[in-house]
Amino acid sequence: MYELLGTLHSAEFRREFDNLRTDIELILDLEGYIIALNEYGERYFQEESRYFYDYLEDEEKERAFGYISQLTSSGTDLDVTLSHHFGEEYENIHYRGKQVDGYILLNGRPLLPEPVFSEDISALMPHFEHACAIMDSHLNVIQYNHTFEEYMDDDITNSQNMLLLANREDGMACIPRLVQDVLRKKTNLQLEVKNDQSGEHLRLKGIYLKNSGCVLFMLYDLSIEKKYTRLLTYQDQMESVSYLAAGVAHELRNPLSVIKGFLQLSSLTDSFHKYSDTILSETNRMNEIIDNFLSVARKKTKKELRSPKYLLNSVIDIIKSECLMQDIHFDYRVKPVSKKLEVNESSFKQIVLNVLRNSIEAFSSENKKHTFSLNSY
């Protein structure tokens, strides 16, 4: 492939390239008369007038006179953009010119019309809290707000072309494809981009602007909202943990007292083996209480299959200790069932403990007999 390219030269396709060119080539005399022009130039400058200035309004004529004068006096290449009228149509043409042997050589290229947007959209964009931008058919960014700029890296900010986003490794890489689909279908489209590992969650919207043929792109970063929600949930968990910690500590006193008593008794009777099973049983009981308490504090996002009885039993110790501290009678009747639930264990426990907490706070201080019931049907 590289050898083949090395044997070719663009000059061999000069005729084909000439046919592809859309540049206007004009040769003017110093008075402004068109002496010669190429085929593409003939599309604009008709035979009815070969006077270059006839295709300009008065204000543009003055600019054109000044431009030709500069070319004549400077002898260097100069650029200018002039607004021509060809019949009832107006066309902006960018010229690069030079004086050679007493003639003015002009190479012109028609410019695409400036996109027309609703003044309401342009005026409102800076006030949008979410990122938004207007892109043309080549994915060039014409206008954007400050929030959109925060998502762009230096290369894209400098080039102002969204095609470079396709090289990114995050959800922003989907933007070029979405905008291209909007332009191709000429309709509004929306795309959700999620990445559970990174926590990224973006909602991308492309709105087709019929008047200009451009796209109003909007980016909603839901990952920030998601992180904030998780933070609030975790904060709520920690508040419940601290609220229940005193009750759990009180619950641990019972097995500790039993262990202490049997150790003292075994020391006096020199018969530890008689009480070892009871001591080990109380130690396991303490571990169970601690595990149940820690399961509330752990952050778990994975759902698992659990039986209702298992889930409720895992919070019984914490509920009992809290009720004991608050002088509340605890009534517990849970029937075993064969079916299981797919739940987030930590979140489920949090809900049950919140019910307990809210119930305790709702108890009337005048009523001395308080009961908290946990029953299954």
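Could we say that Leu280 is at pLDDT 80 or above and not small (Gly, Ala, Ser) here? Before the answer, list the steps.
Working: at pLDDT 80 or above: yes; not small (Gly, Ala, Ser): yes.
So Leu280 passes the test.
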Return the residues of segment 327-359 that are touching a residue at least 40 places away in the same chain (Cβ under 8 Å), in a loop (DSSP other than H, G, I, E, B) and in contact with a strand residue (DSSP E or B) (Cβ under 9 Å, 6 or more places away or on another chain); say none if nothing qualifies.
Ile328, Val334, Lys335, Asn344
Could you give me the residue pairs with C-beta distances under 8 Å whose first residue belongs to segment 183-209 and is modelled with pLDDT under 85, whose second residue is in a loop (DSSP other than H, G, I, E, B) wherever it lies, and which are 6+ apart or on separate chains?
Asn195/Asp170; Ser198/Asp170; Glu200/Asp170
Quick check: anything in segment 91-110 assigned to a strand (DSSP E or B), of a type in the set (Ser, Thr, Tyr) and in the same structural domain as Glu39 (by TED's automatic domain parsing)?
yes
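Restricting to segment 12-29, and then to whatever is of a type outside the set (Asp, Glu) and modelled with pLDDT of 90 or more, can you tell me which residue is farthest from Thr72 (Cα to Cα)?
Just the residues of segment 12-29 that are of a type outside the set (Asp, Glu), to begin with: 13-15, 17, 19-22, 24, 26-28.
With modelled with pLDDT of 90 or more added as a condition, the list becomes 24, 26-28.
On the way: Ile24: 20, Leu26: 16, Ile27: 14, Leu28: 12 Å.
Out of the qualifying residues, it is Ile24.
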Report whether or not Gly108 is surrounded by fewer than 17 Cβ atoms within 10 Å (Cβ to Cβ), touching a residue at least 24 places away in the same chain (Cβ under 8 Å) and not charged (D, E, K, R).
no
Exactly one of Phe86, Phe65 is loosely packed, with under 15 Cβ neighbours inside 10 Å, of a type in the set (A, V, I, L, M, F, W, C) and touching a residue at least 40 places away in the same chain (Cβ under 8 Å), and that residue is Phe86
Condition first: outside any loop (DSSP other than H, G, I, E, B) and exposed (fewer than 15 other Cβ atoms within 10 Å of the Cβ). Now tell me which residues in segment 195-220 satisfy that.
Asn195
What about Ile318, is it at pLDDT 75 or above, surrounded by 15 or more Cβ atoms within 10 Å (Cβ to Cβ) and part of a helix (DSSP H, G or I)?
no
So for segment 289-302 (the condition being modelled with pLDDT of 80 or more, among the charged types (D, E, K, R) and under 30 Å from Ser373 (Cβ atoms)), does at least one residue qualify?
no
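For segment 337-369, which residues satisfy the criterion of being modelled with pLDDT of 80 or more and either more than 22 Å from Glu304 (Cα to Cα) or loosely packed, with under 10 Cβ neighbours inside 10 Å (or both)?
At the first step, the residues of segment 337-369 found to be modelled with pLDDT of 80 or more are 337-343.
Correct list: Ser338, Lys339, Glu342.
The values are calculated or read from the model by the stated rules, or taken from the named source; none is laboratory data. All figures in this text were calculated on a predicted structure; none of them were measured in a lab. Note that each Cβ is placed from the backbone with ideal geometry, even for glycine, and that neighbours are counted across all protein chains shown.
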